[in-house]
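Working notes, beginning with the structure itself.
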Amino acid sequence: MRLTLHVWRQSNARDKGGFKTYELEDVNTHMSFLEMLDVLNQDLIGRGEDPVAFDHDCREGICGSCGFVINGVAHGDQPGSTVCQLHMRHFSDGDEVTIEPWRAKAFPVVRDLVVDRSAFDRILTAGGFITVRTGSAPDANAIPIATETLEHAMDFAECIGCGACVASCPNSAAMLFVGAKIAHLGILPQGQSERHQRALAMVEAMENEAFGACTNFRACEAVCPKEISIAGIARMNKDYRKALFSGVGFSSGKKRKR
Amino acid sequence: MKLDARIPSGPLAEKWMNLRDHLKLVSPANKRKRSIIVVGTGLAGGAAAASLGELGYRVKAFCYQDSARRAHSIAAQGGINASKNYQNDGDSDFRLFYDTVKGGDFRSREANVYRLAEVSGAIIDQCVAQGIPFAREYGGYLANRSFGGAQVSRTFYARGQTGQQLLLGAYSALNAQVAAGTVEVHPRTEMLDLVVIDGRARGIVTRDMVDGSLECHVADAVLLCTGGYSNVYFLSTNAKGCNVTAAWRAHRRGAGFANPCYTQIHPTCIPQSGEYQSKLTLMSESLRNDGRVWVPLKGGDERAPGDIPEAERDYYLERLYPAFGNLAPRDISSRAAKRACDEGRGVGPGKRGVYLDFEESIGRLGEDVIRTRYGNLFDMYERITGENPYKVPMRIYPAPHYSMGGLWVDYYLMSTIPGLFVLGEANFSDHGANRLGASALMQGLADGYFVAPYTLGEYLAGAKLDEVDTSHESCRQTVNEVNERTAKLLAVKGSRSVDSFHRELGLLMLDRCGMSRTADGLTDAIAKIRDLREAYWNDVTVPGEGAEFNQELEKAGRVADHFELAELMCRDALEREESCGGHFREEYQTDEGEALRNDDDFCHVTVWEYNGADKVPTAHREPLEFETVQLAQRSYK
Ligand SMILES: Cc1cc2nc3c(=O)[nH]c(=O)nc-3n(C[C@H](O)[C@H](O)[C@H](O)COP(=O)(O)OP(=O)(O)OC[C@H]3O[C@@H](n4cnc5c(N)ncnc54)[C@H](O)[C@@H]3O)c2cc1C
Ligand code: SF4
Ligand code: FES
């Protein structure tokens with residue numbers, strides 16, 4: 001099949017960037033979307049042009065490296081999937097396809113479709129963990145955990161940190177991502193001692209980054225490749241409020257640099 | 001090159017505890033003065049950096065991805081072994097040890113493997129405490145599944161995303177240390193060389209992958225936790241970025257490379273669908289708990305699988321290995337699949353595929369049970385192939401997956417360069433000639449959480465290390481060498497892309513140094529690889545510049561190292577005149593076509609010393625002494 005691609009090209013963070021159009025013949029329907037870009041890149045290299053830069057690694061939908069906006073939808077419009085898992089059989093001969101990076105102030109473009117998502121790491125560093133020294137854990141079966149509790153936590157633990165939620169939110173909010181981690185750890189018995197401090201520290205860290213506020217558009221939930229539920233955001237707000245009102249624990253204290 | 005494995009004395013089961021009782025310690029005040037470089041943030045590196053940070057060392061961790069959380073460990077699906085015996089089915093440290101040694105076809109070091117089994121339980125404890133949601137039974141206690149090569153159920157899992165959950169656990173521990181100020185993480189930073197000063201590893205040279213700048217980092221010790229080298233085959237189940245560069249650069253600086261020919265070709269992967277293919281996708285081995293592998297009895301059978309009656313199907317694993325059936329180990333299952341396809345009984349386009357059929361288990365357990373067990377794997381299969389595995393059997397074929405070989409390390413996980421430690425898939429130590437499923441995650445975390453933090457202390461306490469900084473002559477020189485190499489790659493400006501060379505190398509390796517190998521094929525491959533390497537340095541084209549974000553340049557450096565590694569793999573495979581585990585030399589097989597070991601001549605580790613890219617390397621040997629296990633022909637019948 002034949003495709004016309006409009007691809008965002010930007011050589012570095014300072015460059016203004018713009019769309020460039022490429023025609024691609026003979027796209028095989030079994031190819032993945034990234035393999036289609038590989039083919040385009042081989043063409044470009046052959047013609048002495050710079051290939052399109054995009055992040056990718058596992059190509060199995062789990063590392064969270066890949067991600068860009070295809071025809072206005074983060075990760076393309078196959079529900080519950082990342083770009084690397086999208087296959088060309090979902091496109092038709094003659095389609096025009098627009099490809100652009102995540103657009104969010106907190107995720108500056110590095111090159112072409114590659115963005116800087118380190119803000120996510122900084123939020124998790126503020127409190128996205130259970131403090132337990134290596135070697136100090138009790139026997140793994142010491143605390144039974146009901147399967148429903150476990151499965152519930154796992155539903156949130158599946159977040160791959162791709163950033164699609166931020167990219168599709170009109171306010172560029174990071175709530176789905178942050179809520180997922182707070183819910184994962186806050187649902188489990190092991191996560192209770194730090195539950196409220198954690199919410200406080202992570203929400204503060206989030207506010208120190210250039211993310212917007214949540215106004216309940218639910219666009220995040222619709223594009224999330226792991227189908228993380230916005231129920232995580234409600235849990236986050238609840239834990240955060242509780243932390244504020246009861247004055248528990250610490251605040252991270254540091255305003256982190258961007 | 002001197003090889004002293006430094007295996008502690010005493011009975012097998014007491015070696016590690018005895019050693020721990022007598023290891024030298026670094027005082028808390030001195031730990032703060034000691035700096036450690038950890039390259040890699042997968043299970044091995046993430047766990048090590050976090051644990052060393054907790055101990056108070058100053059740690060710098062590096063990875064090539066944009067976040068430490070994306071290391072390739074994230075992709076592991078099936079599970080992690082531990083000898084908890086929660087199933088009360090007779091498991092023990094000894095049994096896990098024995099299964100692993102036997103699974104590795106008696107080509108691993110007993111003492112290391114025993115230690116691995118011994119600390120396996122503590123790993124599960126640690127992970128649960130970190131909040132890793134391992135699957136549980138209705139009573140709320142931990143569940144297990146079975147994996148190949150074992151008759152007990154000892155594999156812990158978190159849906160089909162065990163690696164993801166374990167890595168996010170290690171990453172969270174790492175983050176806690178970043179918050180505490182002990183660990184600094186450098187993402188998008190690739191190590192391109194090792195700095196050796198006075199015979200000791202003292203630093204690394206890195207390239208900032210965003211702006212291309214080179215930098216030297218010095219420390220008191222360097223830990224390489226950089227994963228495996230299956231991407232030498234181009235198509236593999238590994239992430240696209242996986243590479244041998246860190247290990248290979250260390251090898252060039254004097255670290256011995258052990259058993260490079262031991263690679264694992266995993267039996268259950270989605271077959272290749274076309275020329276454009278960029279990687280192969282694993283379908284977790286856990287599927288073989290409930291899926292049955294078969295091909296049509298007769299070649300050339302073009303009927304749809306559902307139209308082939310039971311009597312005309314060959315469930316060849318069940319037939320050949322009745323004791324283990326569909327859970328026969330990987331090397332054996334892969335070769336059996338290859339054989340069935342070589343006989344013309346393969347299925348699907350290109351006929352390089354066999355069926356993995358769930359009809360019977362769906363009938364027995366219902367679709368819902370199968371969905372809870374493997375839902376995400378089934379979805380992934382459907383996304384890739386467009387076929388619904390609840391209705392038609394999956395098609396699978398073996399694919400390069402794991403490298404048992406790697407940098408040689410002693411019992412302390414230290415390489416032949418003092419101060420250079422190697423952890424996880426990057427070292428060679430625990431899996432012999434074949435790795436059993438669910439044991440790589442175990443090894444990475446064992447090395448990172450429970451071994452290196454102890455043995456590194458012994459090195460630091462015992463070594464007299466001079467102060468060095470980046471103005472040291474060796475640092476400057478190493479940076480210059482990296483600079484020159486990069487410039488050279490950019491200057492070729494030939495006519496072929498990096499990928500086109502990599503694909504060609506991969507095809508050659510798969511054919512000659514893949515599931516079966518011969519002396520003639522390997523000899524010829526060595527010559528061909530040399531020619532191809534020469535062509536590469538004369539005709540590759542790398543667009544762009546060094547001082548910018550340049551993914552082609554990153555690949556170009558890695559592929560250059562893959563060429564040198566490929567040659568060494570073939571040489572090692574040629575030299576090992578026996579078949580063992582994943583290394584199958586056609587000349588050495590039993591009447592039934594099974595691997596035929598030669599314990600008299602090859603019960604050793606081959607450790608290669610680098611002499612220059614165009615020179616023949618020197619082979620050294622570490623004899624493997626089995627004090628506890630009886631060497632036996634491996635049987636799964
Ligand atoms: C698809 C798949 C499924 C698997 N499933 C299982 C399973 O179910 N059970 C099991 O036990 N094992 C499984 N394995 C094997 C297992 O996942 C790996 O062996 C293991 O995770 C390797 O961990 P590691 O820490 O050694 O390396 P990795 O996780 O590969 O990490 C390597 C790290 O090194 C960094 N790095 C590499 N080179 C450089 C460089 N030059 N400079 C800077 N950084 C560098 C990378 O950025 C990364 O952080 C699976 C493997 C695959 C491919
Ligand atoms: S919540 Fe979903 S969309 Fe957001 S980072 Fe996690 S996986 Fe990606
Ligand atoms: S490349 Fe890993 S999720 Fe897409």
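Things worth noting here:
- For the range A:117-130, filtering for residues that are within 9 Å of chain B (Cβ to nearest Cβ), assigned to a helix (DSSP H, G or I) and open to solvent by less than 20 Å² (accessible area, probe 1.4 Å) leaves 5.
- Selection within the range A:46-59 - open to solvent by 10 Å² or more (accessible area, probe 1.4 Å) and either over 20 Å from A:T82 (Cα atoms) or more than 7 Å from every other protein chain (Cβ to nearest Cβ) (or both): A:G46, A:R47, A:G48, A:E49, A:D50, A:P51
- Residue list for the range A:135-167, restricted to those being in contact with a Pro (Cβ under 7 Å, 6 or more places away or on another chain) and either at pLDDT below 95 or more than 16 Å from ligand 2 (Cβ to nearest atom) (or both): A:I143, A:I145, A:L150
- Residues satisfying the stated conditions in the range B:590-619, i.e. closer than 18 Å to B:Q264 by Cα, of a type outside the set (D, E) and open to solvent by 20 Å² or more (accessible area, probe 1.4 Å): B:L596, B:R597
- Taking the numbered list (1) more than 22 Å from the chain's Cα centre (by Cα); (2) within 14 Å of another protein chain (Cβ to nearest Cβ); (3) open to solvent by 30 Å² or more (accessible area, probe 1.4 Å); (4) closer than 24 Å to A:A53 by Cα in turn, B:P187 passes all entries but (1).
- From the options B:D290, B:D331, B:D368, B:D314, residue that is open to solvent by 20 Å² or more (accessible area, probe 1.4 Å) and either in contact with a helix residue (DSSP H, G or I) (Cβ under 6 Å, 6 or more places away or on another chain) or not aromatic (F, W, Y) (or both): B:D368
- Selected residue (criterion: nearest to ligand 3 (Cβ to nearest atom)) from residues of the range B:17-39 that are under 16 Å from B:Y449 (Cβ atoms) and open to solvent by less than 10 Å² (accessible area, probe 1.4 Å): B:V38
- Residue list for the range B:307-324, restricted to those being touching a residue at least 40 places away in the same chain (Cβ under 8 Å) and part of a helix (DSSP H, G or I): B:L320
- The lone criterion from (1) closer than 25 Å to B:P260 by Cα; (2) touching a helix residue (DSSP H, G or I) at 6+ places or on another chain (Cβ under 6 Å); (3) touching a residue at least 40 places away in the same chain (Cβ under 8 Å) left unmet by B:A117 is number (3).
- The set of residues in the range A:147-175 being under 15 Å from A:A119 (Cβ atoms) and within 8 Å of chain B (Cβ to nearest Cβ) consists of A:G161 alone.
- Residue-level check: of (1) touching a residue at least 40 places away in the same chain (Cβ under 8 Å); (2) open to solvent by 50 Å² or more (accessible area, probe 1.4 Å); (3) among the hydroxyl-bearing types (S, T, Y), B:Y57 misses just (2).
- At least 2 residues being open to solvent by 30 Å² or more (accessible area, probe 1.4 Å) is the threshold, and among the helices (runs of 4 or more DSSP H) wholly inside the range B:439-529 those reaching it are B:452-462, B:473-492, B:498-512.
- Residue in the range B:205-223 that is among the β-branched types (V, I, T) and open to solvent by 10 Å² or more (accessible area, probe 1.4 Å) present: yes
- Selection over the range A:23-40 of residues that are under 12 Å from A:T4 (Cα atoms) and either outside the structural domain of A:G76 (by TED's automatic domain parsing) or surrounded by fewer than 17 Cβ atoms within 10 Å (Cβ to Cβ) (or both) gives a count of 4.
- Meeting the requirement of 1 or more residues that are among the acidic types (D, E) and more than 16 Å from ligand 1 (Cβ to nearest atom), the helices (runs of 4 or more DSSP H) wholly within the range B:22-111 are B:43-55, B:93-103.
- When B:P133 is tested against (1) within 24 Å of B:L377 (Cα to Cα); (2) surrounded by fewer than 24 Cβ atoms within 10 Å (Cβ to Cβ), only condition (2) is not met.
- Selection status of A:D95, away from chain B (no Cβ under 11 Å) and at pLDDT below 95: no
The values are calculated or read from the model by the stated rules, or taken from the named source; none is laboratory data. Treat the numbers as computed from the prediction; the structure is a model and nothing was measured. A quick note on method: Cβ atoms are made from the backbone with ideal geometry, for glycine too, and the neighbour counts reach across all protein chains shown. Protein only, heavy atoms only, side chains kept; ligands, DNA and RNA dropped before computing areas. Shrake-Rupley method; radii C 1.70, N 1.55, O 1.52, S 1.80 Å.
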